[in-house]
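Enquirer: Structure provided below as structure tokens; questions to follow.
The values are calculated or read from the model by the stated rules, or taken from the named source; none is laboratory data. No experiment lies behind these values; they were computed from the predicted model shown. Reconstructed Cβ throughout: ideal geometry from the backbone, glycine too, with neighbour counts over all protein chains shown. Just the protein is used for accessible areas: all its heavy atoms, side chains included, with ligands, DNA and RNA removed. Shrake-Rupley method; radii C 1.70, N 1.55, O 1.52, S 1.80 Å.
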Amino acid sequence: MRELLLSLVQAQRLDERLATLRRRARSLPEELTEREAAHAALEAEAEALENERRSSLARARELENEARSHEQRIERLEEQARNLRDAGAVEVAQHEAEELRDRVATLENEALALLERAEELAAERDRSQEKVEASAQELALFRRTVASDEESLQAEILDLERRREEVLGPATGRLRDLYEKLLPSRKGRALAPLRGDSCGGCGMVVPPNDRIGVRRALEVVQCRSCARILVHPDLWSEAAEGAAEGETAPGA
């Protein structure tokens, strides 16, 4: 039983490492998706600035064309005023011409403001485009990193899964079934060391007879509170040292 418990402690260490690697493997595509979304947002921002700049220029041209049309109308009205002999008609033409001059001035001011805004937008667009280019480079680098990390992670996961099967090989069917059953319900910690007179998993006090059983390591002793398999601290340390040696051994 002592050797079986050693195997289970080592297996749990491997399972903890596997859980970490699998979380990392799952997080890579998610992180890549987030970065792609952030890059797309930068592209959309640059495109929106460019669209607004073009819209401002187009509207400025419309206002300028309207102003020129009014100026042509003013010229005709002034020509009429010079040729008309009716004072009332002359006054009407002059009044319309004056109103059009005010309108032209307003249109020119609006067009000028739009042109100035277009220049500001061009500068903002350029700055935004610089961010897009920098983001594109970072995204391309991250994609290569993700591909490399996924490959190395999968290789390490396969190696750890192989080692896990080797470590769990000696475990009997019932003991292994118990271990596998406890793993998910105890968040990857099916075993816990005895800490003083308490369970190292949940902290509950372990009865004296159970503590004796843990020390003897002749049978499986479970915590009466959390059901974890209890292991004597000396055995726990021995298993940890053995696992560490296996991790650093050449070719491991």
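Enquirer: If R164 meets every condition in (1) in a loop (DSSP other than H, G, I, E, B); (2) touching a residue at least 40 places away in the same chain (Cβ under 8 Å); (3) closer than 19 Å to T20 by Cβ apart from one, which number is that one?
Expert: Looking at each condition in turn, R164 falls short on (1).
Enquirer: Now, a different point. Does the stretch 3-15 contain at least one residue that is over 30 Å from S152 (Cβ atoms) and either at pLDDT 95 or above or of a type in the set (D, E) (or both)?
Expert: yes
Enquirer: Under 7 Å by Cβ, and 6 or more places apart or on different chains, what pairs join a residue from the stretch 202-219 that is without any contact (Cβ under 8 Å) to a residue 60 or more places away in the chain with one that is open to solvent by 60 Å² or more (accessible area, probe 1.4 Å)?
Expert: From residues that are without any contact (Cβ under 8 Å) to a residue 60 or more places away in the chain, the pairs are C202/S225; M204/S225; V205/D197; V206/D197; R211/D197; G213/E219.
Enquirer: So which of S135, S152 is free of Cβ contacts under 8 Å to residues at least 12 places away in the same chain and out of contact with any Lys or Arg (no Cβ under 7 Å at 6 or more places or on another chain)?
Expert: The conditions single out S152.
Enquirer: Quick check on the stretch 194-203. Is at least one of its residues modelled with pLDDT under 95, assigned to a helix (DSSP H, G or I) and open to solvent by 40 Å² or more (accessible area, probe 1.4 Å)?
Expert: No: zero hits.
Enquirer: Still on this model: Consider P170 against the criteria (1) open to solvent by less than 70 Å² (accessible area, probe 1.4 Å); (2) touching a residue at least 40 places away in the same chain (Cβ under 8 Å): it satisfies all of them except one. Which criterion is unmet?
Expert: (1)
Enquirer: A further question on this structure: Out of all the residues in the stretch 86-94, is one or more open to solvent by 90 Å² or more (accessible area, probe 1.4 Å) and within 55 Å of the chain's Cα centre (by Cα)?
Expert: Initially, the stretch 86-94 is screened for residues open to solvent by 90 Å² or more (accessible area, probe 1.4 Å), giving 86, 91-92, 94.
Cutting the leftovers down to within 55 Å of the chain's Cα centre (by Cα) gives us none.
Scanning the stretch 86-94 turns up no residue that is open to solvent by 90 Å² or more (accessible area, probe 1.4 Å) and within 55 Å of the chain's Cα centre (by Cα).
Enquirer: In addition: Given the criteria modelled with pLDDT of 95 or more, over 18 Å from the mean Cα position of the chain (by Cα) and closer than 30 Å to L230 by Cα, does L18 qualify? Spell out how you get there, then give the answer.
Expert: Values: modelled with pLDDT of 95 or more: yes; over 18 Å from the mean Cα position of the chain (by Cα): yes; closer than 30 Å to L230 by Cα: yes.
When the stated conditions are applied, L18 passes them.
Enquirer: Out of the stretch 70-85, which residues are open to solvent by 60 Å² or more (accessible area, probe 1.4 Å) and in a helix (DSSP H, G or I)? Steps first, please.
Expert: First pass over the stretch 70-85, keeping only residues open to solvent by 60 Å² or more (accessible area, probe 1.4 Å): 71-73, 75-76, 78-80, 82-85.
Across the stretch 70-85, the qualifying residues are E71, Q72, R73, E75, R76, E78, E79, Q80, R82, N83.
Enquirer: What single numbered condition from (1) at positive phi; (2) open to solvent by 60 Å² or more (accessible area, probe 1.4 Å); (3) touching a residue at least 24 places away in the same chain (Cβ under 8 Å) fails to hold for A227?
Expert: Among (1) at positive phi; (2) open to solvent by 60 Å² or more (accessible area, probe 1.4 Å); (3) touching a residue at least 24 places away in the same chain (Cβ under 8 Å), A227 violates only (2).
Enquirer: Could you list all residues from the stretch 132-160 that are hydrophobic (A, V, I, L, M, F, W, C) and open to solvent by 60 Å² or more (accessible area, probe 1.4 Å)?
Expert: Listed by number, the residues that qualify are L141, L158.
Enquirer: Taking the stretch 26-58, which residues are closer than 30 Å to Y179 by Cα, surrounded by fewer than 16 Cβ atoms within 10 Å (Cβ to Cβ) and not hydroxyl-bearing (S, T, Y)? Don't jump to the end; show me each part of the working.
Expert: We begin by selecting, within the stretch 26-58, every residue closer than 30 Å to Y179 by Cα; these are 26-28.
Among the residues that remain, those that are also surrounded by fewer than 16 Cβ atoms within 10 Å (Cβ to Cβ) are: 26-27.
Result: R26, single match.
Enquirer: So is E108 out of contact with any His (no Cβ under 8 Å at 6 or more places or on another chain), under 30 Å from E130 (Cα atoms), in contact (Cβ under 8 Å) with a residue 12 or more places away in the chain and open to solvent by 50 Å² or more (accessible area, probe 1.4 Å) or not? Working first, answer last.
Expert: Working: out of contact with any His (no Cβ under 8 Å at 6 or more places or on another chain): yes; under 30 Å from E130 (Cα atoms): no; in contact (Cβ under 8 Å) with a residue 12 or more places away in the chain: yes; open to solvent by 50 Å² or more (accessible area, probe 1.4 Å): yes.
Spelling it out, it is not the case that E108 is out of contact with any His (no Cβ under 8 Å at 6 or more places or on another chain), under 30 Å from E130 (Cα atoms), in contact (Cβ under 8 Å) with a residue 12 or more places away in the chain and open to solvent by 50 Å² or more (accessible area, probe 1.4 Å).
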